[in-house]
């Protein structure tokens, strides 16, 4: 059986003292323990930012790439070796901003990977500029007169695009967050887990502010009901729902694509048939 110590390494953290990223790191470890994942079976792909440093502090396989480019790398790794447990870990700027185009097509393609997004509504690595999820009117060092662009609602977007697993967690509710992450990894298909992650240095709101507003979706919420899920995701006001909003079981990539091995056989026969098809 896996133990939480199995994922520990000796890297020195570059996060701020008290950062809620530490809690998310523990929730990820606990999710791996729940699923009895071994470090050698796990690959985590990350981009650029504070959140993408998370796999540096884990014992597992890691690919740290370009800003916003985690998803195509993760999709390729899973396609080549489907037996691996493949995740991406990114921040809201990295994933929803620079990586937004890849996100849209990952919704469509539906690879069997899990994406964990630390959503603190700022670019924390570069000192607190507005990100795609920053609320209207928030003043930053760059948006000194307040943000004037509508914030992205990642959950609503994911549900509209029929993402096969859509969830939200909170870095201040780690047991529930670990359950959500474990469920996302276990799900066959693309799982988007947006995590409210208050930034202690540049964040607009801190953990106590969220604790008065956050609640867990109850058992009467049916994650198979797309309309109900979208209504929950689009809700604004004093309450913020966490939990699994939406699930479906649509075909995954690459199983739904043409399988050259099944159609043409293997080795030289594949090449021969392909040459014929293009001649």
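The values are calculated or read from the model by the stated rules, or taken from the named source; none is laboratory data. The structure presented is a predicted model; accordingly, all values stated were derived computationally and were not measured. A quick note on method: Cβ atoms are made from the backbone with ideal geometry, for glycine too, and the neighbour counts reach across all protein chains shown.
Laid out as a table, the results:
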quantity	calculated
Residue within the stretch 2-17 that is in contact with a strand residue (DSSP E or B) (Cβ under 7 Å, 6 or more places away or on another chain) and in the same structural domain as residue 117 (by TED's automatic domain parsing) present	no
Test: residue in the stretch 197-213 that is more than 19 Å from the chain's Cα centre (by Cα), buried (at least 16 other Cβ atoms within 10 Å of the Cβ) and within 14 Å of residue 176 (Cβ to Cβ)	yes
Residue that is surrounded by 15 or more Cβ atoms within 10 Å (Cβ to Cβ), assigned to a helix (DSSP H, G or I) and touching a residue at least 40 places away in the same chain (Cβ under 8 Å), where the choices are 184, 189	184
Meets criteria (modelled with pLDDT under 95 and in the same structural domain as residue 241 (by TED's automatic domain parsing)) for residue 214	yes
So residue 166, is it more than 20 Å from the chain's Cα centre (by Cα), assigned by TED's automatic domain parsing to the domain that holds residue 106 and touching a residue at least 40 places away in the same chain (Cβ under 8 Å)	no
Residue list for the stretch 141-156, restricted to those being surrounded by fewer than 20 Cβ atoms within 10 Å (Cβ to Cβ) and in contact (Cβ under 8 Å) with a residue 40 or more places away in the chain	152, 153, 156
Condition check for residue 227: out of contact with any strand residue (DSSP E or B) (no Cβ under 9 Å at 6 or more places or on another chain), surrounded by fewer than 18 Cβ atoms within 10 Å (Cβ to Cβ), over 20 Å from residue 178 (Cα atoms) and at pLDDT 95 or above	yes
Filter result (surrounded by fewer than 24 Cβ atoms within 10 Å (Cβ to Cβ) and not in a helix (DSSP H, G or I)) within the stretch 159-169	161, 162, 164
Any chance residue 273 is over 30 Å from residue 140 (Cβ atoms), at pLDDT below 95 and touching a strand residue (DSSP E or B) at 6+ places or on another chain (Cβ under 9 Å)	no
Failed item, numbered, when residue 33 is tested on (1) closer than 28 Å to residue 126 by Cβ; (2) in a helix (DSSP H, G or I)	(1)
Members of the stretch 70-119 found to be surrounded by fewer than 20 Cβ atoms within 10 Å (Cβ to Cβ) and not in a helix (DSSP H, G or I), listed by number	81, 82, 83, 84
Residues located in the stretch 120-133, provided they are in a loop (DSSP other than H, G, I, E, B) and in contact with a helix residue (DSSP H, G or I) (Cβ under 9 Å, 6 or more places away or on another chain)	120, 121, 124, 125, 126, 131, 132, 133
Residue in the stretch 52-59 that is within 20 Å of residue 182 (Cβ to Cβ), part of a loop (DSSP other than H, G, I, E, B) and touching a residue at least 40 places away in the same chain (Cβ under 8 Å) present	yes
Test: residue in the stretch 183-198 that is touching a strand residue (DSSP E or B) at 6+ places or on another chain (Cβ under 6 Å) and at pLDDT below 90	no
Among residues of the stretch 32-70, those that are closer than 27 Å to residue 97 by Cα and out of contact with any strand residue (DSSP E or B) (no Cβ under 6 Å at 6 or more places or on another chain), counted	11
